[in-house]
Amino acid sequence: MINRRNVLMGATIAVAAGASAIPAAAGSDKKVAAKGSFTGLSNHVTSGSVKIIQKDGRTFVELGKDFSLDGGPDPRVAFGKDGEYAADTKLGALLNLTGKQRYAVPPSISAADYNEVYIWCEVAGVPLGVAKLK
């Protein structure tokens, strides 16, 4: 029997495993709005793909299964434009140093206003990697 507790437990387990806590709806469409590949910055190795996707009326930043970061204290996922990190666009702490992960973009942020995705070190105030979006 599915109830609120089972749904909540499933979402908690998914987050712990590094997956998105957003359940997929039957028949939902997924559109790729932009994509890019990471380049490391500040003496860090950051690589892999990223996509901006629209699904079920929401926007997400999705790091690919090939995503990898060599480490760093307090890495965050955020947007930027033309080489400038936008501090007010933080989507959350990086869930895992490697692999596929998804971050919801709040309605207050328009992903179309930005052309880069950053992995940002909040503690040191430096970029660990950036992906230019196309």
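The values are calculated or read from the model by the stated rules, or taken from the named source; none is laboratory data. Here the structure is a predicted model, which is why all the values come from computation and not from measurement. Heads up, the Cβs are rebuilt from the backbone with ideal geometry, glycines too, and the neighbour counts pull from every protein chain shown. Ligands, DNA and RNA are stripped out before the accessible areas are found, and what is left, the full protein with its side chains, is counted by its heavy atoms. Shrake-Rupley method; radii C 1.70, N 1.55, O 1.52, S 1.80 Å.
When Gly71 is tested against (1) of a type outside the set (Phe, Trp, Tyr); (2) open to solvent by less than 30 Å² (accessible area, probe 1.4 Å); (3) outside any loop (DSSP other than H, G, I, E, B), just one condition goes unmet, and that condition is (3). Being part of a strand (DSSP E or B), open to solvent by 30 Å² or more (accessible area, probe 1.4 Å) and either of a type outside the set (Val, Ile, Thr) or in contact (Cβ under 8 Å) with a residue 24 or more places away in the chain (or both) is true for just one of Ala34, Ala104. Which residue is that? Going through Ala34, Ala104 in turn, the sole match is Ala104. Being open to solvent by less than 40 Å² (accessible area, probe 1.4 Å), free of Cβ contacts under 8 Å to residues at least 60 places away in the same chain and farther than 14 Å from Tyr114 by Cβ holds for only one residue in Gly57, Gly48, Gly40, and it is Gly48.
Considering only residues that are closer than 13 Å to Ala33 by Cα and surrounded by fewer than 20 Cβ atoms within 10 Å (Cβ to Cβ), which ones fall in segment 112-131? Answer for segment 112-131, where residues must be closer than 13 Å to Ala33 by Cα and surrounded by fewer than 20 Cβ atoms within 10 Å (Cβ to Cβ): Ala112, Asp113, Asn115.
Please tell me if Lys81 is touching a helix residue (DSSP H, G or I) at 6+ places or on another chain (Cβ under 8 Å) and surrounded by fewer than 17 Cβ atoms within 10 Å (Cβ to Cβ). Here the answer is yes, as Lys81 does meet what is asked.
Scanning segment 84-101 for residues that are under 20 Å from Lys132 (Cβ atoms), of a type outside the set (Lys, Arg) and surrounded by 13 or more Cβ atoms within 10 Å (Cβ to Cβ) turns up Tyr85, Ala86, Ala87, Thr89, Leu91, Leu94, Gln101.
When the test is whether a residue is farther than 27 Å from Leu128 by Cα and either at pLDDT 95 or above or under 13 Å from the mean Cα position of the chain (by Cα) (or both), Lys81 does not pass it.
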